[in-house]
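The values are calculated or read from the model by the stated rules, or taken from the named source; none is laboratory data. The shown structure was predicted, so the numbers you read here are calculated from the model rather than taken from an experiment. Because the Cβ atoms are built from the backbone with ideal geometry, glycine has one as well, and the counts that use them run over all protein chains shown. In case anyone asks, the SASA skips ligands and DNA or RNA and just uses the protein heavy atoms, side chains included. Shrake-Rupley method; radii C 1.70, N 1.55, O 1.52, S 1.80 Å.
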Amino acid sequence: MSTQYDVVVIGAGPGGYIAAIRAGQLGMKVACIEGHAYDDPKGEPRLGGTCLNVGCIPSKALLASSEEFEKIQHHAEDHGITVTGAKMDVAKMIKRKDDIVTKMTGGIQYLFKKNKVTAIKGWASFSGKVDGGFELTVKTAAGEEKVTAKQVIVATGSKARHLPGITVDNETICDNEGALKFGAVPKKLGVIGAGVIGLELGSVWRRLGADVTVLEAMPNFLAACDEGVAKEMQKIFTKQGLKMNMGVKIGEVKASKKGVSVAYTDADGNAQKLDCDKLIVSVGRVPNTDGLNLEAVGLKTNERGQIDVDAHCQTLVAGIYAVGDVIRGAMLAHKAEEEGVMVAEIMAGQAGHCNYDTIPWVIYTSPEVAWVGKTEQQLKQDGRKYKAGQFPFMANGRALGQGDSQGFVKVLADATTDEVLGVHIINSHASDLIAEAVMAMEFKASSEDIGRICHAHPSLSEVVKEAALACDKRQLNG
Ligand code: FAD
Ligand code: NAI
């Protein structure tokens, strides 16, 4: 006997659980299958995927705790506050993070009930095509369960990419999962990969006192960022004490009871060695398709391990869609969510839509880096004539008052039409400030439009306005 659904979603990460909720809202009979228990004390599968359990949410909780600690230690004095004997209780910090995760994943259970989504706890695989849909087998704690669905959304996400010869035990050599639950601050921490995870988690443990060395294969820092932003951030991270080694080639990595030894060749070709207590390997992520048995429905993965989809996330098989990290594009929670909503709406006969040109990126370090749209180097490469307006937070009263005066806003606009093509921000509140830029680009605003909008004073958002005005060299306070 198999239970019949209109829609079955495989995976309860941000792509899957949001798709399931939207499908429920639109009146479909929907189930969402999740198999991963993460750190659940009872070993039961938990909802929320990478994002809630071992990604966005726990990393931001640790970033917040470590930032408070750093502010108390190093910046309270600027405000005339003397604090002595500040100490970090790592176990308490980790428990706070775990409690936030538990609360958030529990919240999805509530949302599923509210939107009539059935949560099925187990690992799903395709069994084959059946009359009017697809059959799936779910391996649960109690055995096997069969479900059939008219339409399926594959939202199985991604897992950390590991390097050959480097065994991740999540004790000494860690990917994101181990790096989010160290029992103590390592004296020396090595990080392979100066990407988003390396910088965010490297920053967490540096702020708590670890001596952090980052080993990055690429010669250029943050190659996906606007060059001006990347240059500024490299300076800032180096000043903060992150030891950045670019253009390295990782050699043998040996783990022992005492720690890890990483042999590498530096950018000048010299053999080097890094000894550390713990090592984080953060060299990107790979799509999760293990055990899905895609072949049973006539699907396969491409050379990057992804499931191929069209612009509306439909796979090569009508009725099967895929969203989030398991397909092409940025591996970001909000991108997965947008795709989930789009697909659920398309399934309900609506005009689901996802604008891939206005997906913001944020790196949650201190200061944060946020951007949307094109970088200067992309515009140059495209041969597009543009004008740039840049304004520093140093000239903003609110930023000075908050002790947050690092960084700038850069607005890039078309030289002829003045349409905003990209916005790049370095500031501790960049993740919130970028929303205005995303909105502006969604509505195809010009830099003049932003410059003519009234922004509250004093506020950090005034810097966005000034940068927009600076596109026509008419900034008012600088
Ligand atoms: P996932 O969240 O990976 O969820 C997929 C789920 O499917 C998993 O729970 C998995 O167990 C389940 N699954 C897989 N196969 C099966 C199966 N056969 N049967 C049943 N279930 C299955 N993004 C941001 O936008 N902002 C951030 O700040 C951010 N921070 C991050 C920090 C870290 C440390 C990491 C690792 C990632 C971060 N990300 C961030 C990326 C973000 O977590 C992912 O882009 C997002 O989770 C992708 O969502 P998804 O639904 O596609 O997949
Ligand atoms: P990443 O792709 O951001 O960075 C990986 C880095 O490792 C790159 O700079 C790459 O050049 C380097 N690298 C690759 N192989 C290497 C090797 N052999 N030796 C040395 N360096 C090597 O990947 P990361 O940091 O693992 O994060 C994975 C993904 O998770 C991100 O791309 C992002 O999509 C998502 N994420 C998003 C966050 C956010 O939105 N704030 C936070 C954390 C993760």
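Can you tell me which aspartates and glutamates have their Cα less than 12 Å from the Cα of Lys188? Leave out same-chain residues fewer than eight positions away. Filter leaves Asp211, Asp275, Asp277. Within straight-line reach of Lys387, meaning a Cα separation under 17 Å, sit the following aspartates and glutamates at least 8 residues removed in sequence or on another chain: Asp226, Glu227, Glu376, Asp414, Asp418, Glu419, Glu448, Asp449, Glu466, Asp472.
With the cut-off at under 17 Å, measuring from each backbone N in the range 208-231 to a point 7 Å along the Cα-to-Cβ line of Gln377 picks out 216-231.
Rolling a 1.4 Å probe over the protein heavy atoms of the range 382-433, with every protein chain left in place, gives an accessible area that is 48 percent carbon and sulfur. In terms of the mean number of neighbouring beta-carbon atoms within 10 Å, the peptides 131-140, 408-417 order highest first as 408-417, 131-140.
For the range 360-470, rounded, prolate or oblate, judged on the Cα gyration tensor with a ≥ b ≥ c (square roots of eigenvalues), a/c < 1.5 rounded, else prolate if a/b > b/c?
Working: a/c = 1.91, a/b = 1.46, b/c = 1.31.
Taking the square roots of the gyration eigenvalues as a ≥ b ≥ c, the range 360-470 is prolate.
Taking every Cα-Cα distance in the chain and sorting them into 20 Å bins from zero, the calculated P(r) comes out as 22, 52, 26, 1 percent. Whole-Hz Karplus values for the range 254-260 come out as 10, 9, 9, 4, 7, x, 10 Hz, taken residue by residue from phi with 6.51 cos²θ - 1.76 cosθ + 1.60 and θ = phi - 60°; glycine and proline positions read x.
Counting only DSSP beta bridges with both residues in the range 204-302, what percent are antiparallel, rounded to the nearest 5? Write down the numbers at each step before the final one.
Working: 12 of 15 bridges.
Beta bridges within the range 204-302, antiparallel portion: roughly 80 percent.
Give me the 1.4 Å probe accessible area per residue for the range 403-478, excluding ligands and nucleic acids, in Å².
Details: 3350 Å² over 76 residues.
Accessible surface, normalised per residue, equals 44 Å².
Summing charges over all other residues whose Cβ lies under 12 Å from the Cβ of Ser446, with Lys and Arg as +1 and Asp and Glu as -1, gives -3. Taking a threshold of 19 Å on the Cα-Cα distance, which of the pairs Lys121/Lys335; Lys60/Lys116; Lys60/Lys113; Lys187/Lys257 fall above it? Correct reply: Lys121/Lys335; Lys60/Lys116; Lys60/Lys113. Separation of the range 265-333 from the range 4-34 is 22 Å, based on Cα centroids. A cut-off under 9 angstrom between Cβ atoms defines the neighbours of Ala415, and their net charge, with Lys, Arg +1 and Asp, Glu -1, is +1. Listed values for the range 331-336 are Karplus-derived 3J(HN,Hα) couplings in whole Hz (6.51 cos²θ - 1.76 cosθ + 1.60, θ = phi - 60°), namely 8, 10, 4, 6, 5, 4, and x replaces Gly and Pro.
Note on the chain: antiparallel DSSP beta bridges, both residues inside, total approximately 60 percent of the bridges counted.
Listed peptides 378-386, 186-194, 60-68 appear in the order 186-194, 60-68, 378-386 once ranked by packing, highest mean of other Cβ atoms within 10 Å at the front.
Give, as a single signed number, the net charge of other residues whose beta carbon lies under 14 Å from the beta carbon of Gln272, with Lys and Arg counted +1 and Asp and Glu -1.
Numbers: positive: Lys243, Lys249, Lys273; negative: Glu216, Glu252, Asp266, Asp268, Asp275.
Result for the local shell: -2.
With a Förster radius of 60 Å applied to the C-beta separation of Thr416 and Glu144, the computed FRET efficiency comes to 0.45. In the range 173-283, the inverse of the mean reciprocal separation of distinct Cα atoms equals 14.0 Å; this is its Kirkwood hydrodynamic radius. Between Lys114 and Cys454, the simple label model (points 7 Å from Cα in the Cβ direction) yields a spacing of 3.4 nm. Between the listed residues Ala395, Leu469, Gln377, the Cα displaced farthest toward the positive end of the dipole of the range 360-470, a dipole computed from Cβ unit charges relative to the Cα centre, is found at Gln377.
Here is how the number arises for the chain: DSSP H runs of 4 or more residues each give -39500 (n - 2.57), the sum is divided by the residue count, and the result at 222 nm is -9000 deg cm²/dmol.
Is the range 426-478 rounded, prolate or oblate when judged by the Cα gyration tensor, a ≥ b ≥ c being the square roots of its eigenvalues, rounded requiring a/c under 1.5 and prolate requiring a/b larger than b/c? Numbers along the way, then the final one.
Values: a/c = 1.68, a/b = 1.05, b/c = 1.60.
In terms of gyration-tensor shape, oblate.
Can you pull the percent of the range 140-200's accessible area that's carbon plus sulfur, 1.4 Å probe, other chains left in place? Using a 1.4 Å probe with all protein chains present, the range 140-200 comes out at 53 percent carbon and sulfur.
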